[in-house]
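Okay, handing you the structure first.
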Amino acid sequence: AIVPDGRVRRLNRQYRRTDTATDVLSFPSEEPGYLGDVVIAAGVARRQARDATHSLQTEYRVLALHGLLHLLGYDHERDDGRMARVEARLRRRGGLPEGLIERHG
């Protein structure tokens with residue numbers, strides 16, 4: 001889902017105890033055959049696209065990939081670079097620019 005920044009901020013505060021509108025959130029599902037949901041903050045994505053000098057569509061693709069990897073169980077905060085390597089490989093294959101992990105360190 002692509003939603004207003006305020007909605008993402010509320011979700012981030014509720015589920016991660018962080019009172020900011022982050023760019024993308026992932027919500028894994030317990031339901032068999034369903035990975036879960038990826039929620040993208042529209043305003044944050046627009047600003048990041050502008051700052052990265054690429055299109056909003058490209059930014060949505062970068063954010064969706066990042067969110068999907070989280071749904072698949074990757075966690076760049078705890079996996080010693082494993083998610084970063086997978087994300088970089090998939091971005092190259094998909095012709096996408098620098099990803100979130102590289103931007104934020």
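Convert each backbone phi in the range 6-15 into a coupling constant with the Karplus relation 6.51 cos²θ - 1.76 cosθ + 1.60 (shift: θ = phi - 60°), then list the ³J(HN,Hα) values in order as whole Hz, x for Gly and Pro.
3J(HN,Hα) across the range 6-15, in whole Hz: x, 5, 5, 4, 5, 5, 5, 5, 5, 9.
Once every Cα of the chain carries one equal point scatterer and solvent is ignored, give the base-10 log of I(q)/I(0) from the Debye formula at q = 0.11 Å⁻¹, two decimals.
Evaluating at q = 0.11 Å⁻¹ gives log10 I(q)/I(0) of -0.32.
Okay, moving on. Suppose all protein chains stay in the model; what accessible area per residue would a 1.4 Å probe give for the chain, in Å²?
62
Full-extension gain between Tyr15 and Ala52, please, as 0.36 nm times their residue separation minus the C-alpha to C-alpha distance.
Taking 0.36 nm per residue and subtracting the Cα distance, the gain is 10.5 nm.
Ignoring ligands, DNA and RNA, what percent of the accessible area of the chain is carbon or sulfur (1.4 Å)?
It is 49 percent, rounded to a whole number.
Could you tell me which of rounded, prolate or oblate describes the range 8-54, using a ≥ b ≥ c as the square roots of the eigenvalues of the alpha-carbon gyration tensor, with rounded for a/c under 1.5 and, failing that, prolate when a/b is larger than b/c and oblate otherwise?
Since a/c reaches 1.5 but b/c is at least a/b, the shape of the range 8-54 is classed as oblate.
The values are calculated or read from the model by the stated rules, or taken from the named source; none is laboratory data. These figures come from a predicted structure and were not determined experimentally. What goes into the accessible areas is simple: the full protein's heavy atoms, side chains included, and nothing from ligands, DNA or RNA. Shrake-Rupley method; radii C 1.70, N 1.55, O 1.52, S 1.80 Å.
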